[in-house]
């Protein structure tokens, strides 16, 4: 017999699935609302990484489905309606555009330290390092 530590958020039917196998003991509990939100965000990163690593269209579809399921759970847990989400999506697309053209920016040069983009990038060196 072996015991394995999972330590992660799983889908609702996972305990039932384990019970129908050779698993003899399942130590689990239900998360509080704030903890659930935190773990859904962790899971979102995990599933996005799996989508990035997908090797074919079928696998990508499966992983995007997981991402959407997590987004739905986050919205449910935080009381975000589909209408609010769609409105935010539409507003951002209106203000900044979509991702249809495949535009890639390698780097920017900003001459004025008081400029908003200078301050934004400079405050996030882990994300926007100086070169």
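The values are calculated or read from the model by the stated rules, or taken from the named source; none is laboratory data. Computed from a prediction, not measured in an experiment: that's the story for all the values here. Note that each Cβ is placed from the backbone with ideal geometry, even for glycine, and that neighbours are counted across all protein chains shown.
What the table below lists for this structure:
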{"quantity": "Selection status of residue 68, modelled with pLDDT of 95 or more, within 15 Å of the chain's Cα centre (by Cα) and in a helix (DSSP H, G or I)", "calculated": "yes"}
{"quantity": "Members of region 106-122 that are in contact with a helix residue (DSSP H, G or I) (Cβ under 8 Å, 6 or more places away or on another chain) and surrounded by 10 or more Cβ atoms within 10 Å (Cβ to Cβ)", "calculated": "110"}
{"quantity": "Selected residue [under 25 Å from residue 2 (Cβ atoms), part of a helix (DSSP H, G or I) and modelled with pLDDT of 95 or more] from 46, 63", "calculated": "46"}
{"quantity": "Residue list for region 1-36, restricted to those being assigned to a helix (DSSP H, G or I), under 23 Å from the mean Cα position of the chain (by Cα) and free of Cβ contacts under 8 Å to residues at least 12 places away in the same chain", "calculated": "14, 34, 35"}
{"quantity": "In region 76-91, residue farthest from the chain's Cα centre (by Cα) [restricted to those that are loosely packed, with under 10 Cβ neighbours inside 10 Å and part of a helix (DSSP H, G or I)]", "calculated": "83"}
{"quantity": "Selection status of residue 73, surrounded by 12 or more Cβ atoms within 10 Å (Cβ to Cβ) and either touching a strand residue (DSSP E or B) at 6+ places or on another chain (Cβ under 6 Å) or within 29 Å of residue 6 (Cβ to Cβ) (or both)", "calculated": "yes"}
{"quantity": "Candidate set: region 15-33, residues that are under 17 Å from residue 79 (Cα atoms) and in contact with a helix residue (DSSP H, G or I) (Cβ under 9 Å, 6 or more places away or on another chain); chosen: the one surrounded by the most Cβ atoms within 10 Å (Cβ to Cβ)", "calculated": "31"}
{"quantity": "Unmet requirement for residue 48, which otherwise passes all of (1) over 17 Å from residue 75 (Cβ atoms); (2) surrounded by 10 or more Cβ atoms within 10 Å (Cβ to Cβ); (3) within 15 Å of the chain's Cα centre (by Cα)", "calculated": "(1)"}
{"quantity": "Boolean, residue 125 is touching a helix residue (DSSP H, G or I) at 6+ places or on another chain (Cβ under 9 Å) and exposed (fewer than 13 other Cβ atoms within 10 Å of the Cβ)", "calculated": "no"}
{"quantity": "Residue in region 92-105 that is exposed (fewer than 10 other Cβ atoms within 10 Å of the Cβ), closer than 30 Å to residue 32 by Cβ and without any contact (Cβ under 8 Å) to a residue 24 or more places away in the chain present", "calculated": "no"}
{"quantity": "Odd one out for residue 58, checked against (1) part of a loop (DSSP other than H, G, I, E, B); (2) surrounded by fewer than 10 Cβ atoms within 10 Å (Cβ to Cβ)", "calculated": "(1)"}
